[in-house]
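The structure appears below as structure tokens.
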Amino acid sequence: MEIINTIGRRKTSVARLYMQSGKGAITVNTKDVKEYFPTEILQAIVNQPFATTKTEGSFDLKVNVDGGGVAGQAEAVRLAISRALCELDPEHRPALKAEGFLTRDPRMVERKKYGRRKARRAFQFSKR
């Protein structure tokens, strides 16, 4: 099996994934996945596509992720893994699509406007 290259995005996070057959080693930014994503919830988010398609421990992943926070990065990695599994075997697509793992979440932070404190929050009004 050759190396499959996919990309996943969430908020401002971008995850570039390189997947090949192996023993299930997941490396994120040259660190082990358990070291990079220390909480159980984030590790579960990353492993959800494998659990859905019942392919745990059959691929080695090398992921470069940049931007955003840890939750956005974990969801970007999840999207990249889902896309790679679909590219590998099109039969995985219906299960992953039903779980919503192939949908790129378009929600982004609204930009700050001039004359305001934040995107929508106005400065405090003083009548006197």
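Nothing in this text is a laboratory measurement; each read-out follows from the coordinates by a stated rule. Keep in mind that what you see is a predicted model, and the values were worked out from it rather than measured. Heads up, the Cβs are rebuilt from the backbone with ideal geometry, glycines too, and the neighbour counts pull from every protein chain shown.
Elements of the type strands (runs of 3 or more DSSP E) sitting completely within segment 13-125 and holding at least 1 residues that are basic (K, R): these cover 13-21, 59-66. Of everything in segment 23-47 that is small (G, A, S) and surrounded by 13 or more Cβ atoms within 10 Å (Cβ to Cβ), the residue that is farthest from the chain's Cα centre (by Cα) is G24. Residues that are over 16 Å from the mean Cα position of the chain (by Cα) and β-branched (V, I, T) within segment 48-80 comprise T53, T55, listed in sequence order. In this structure, V65 does not satisfy being surrounded by 14 or more Cβ atoms within 10 Å (Cβ to Cβ), closer than 24 Å to L88 by Cα, free of Cβ contacts under 8 Å to residues at least 40 places away in the same chain and aliphatic (A, V, I, L, M).
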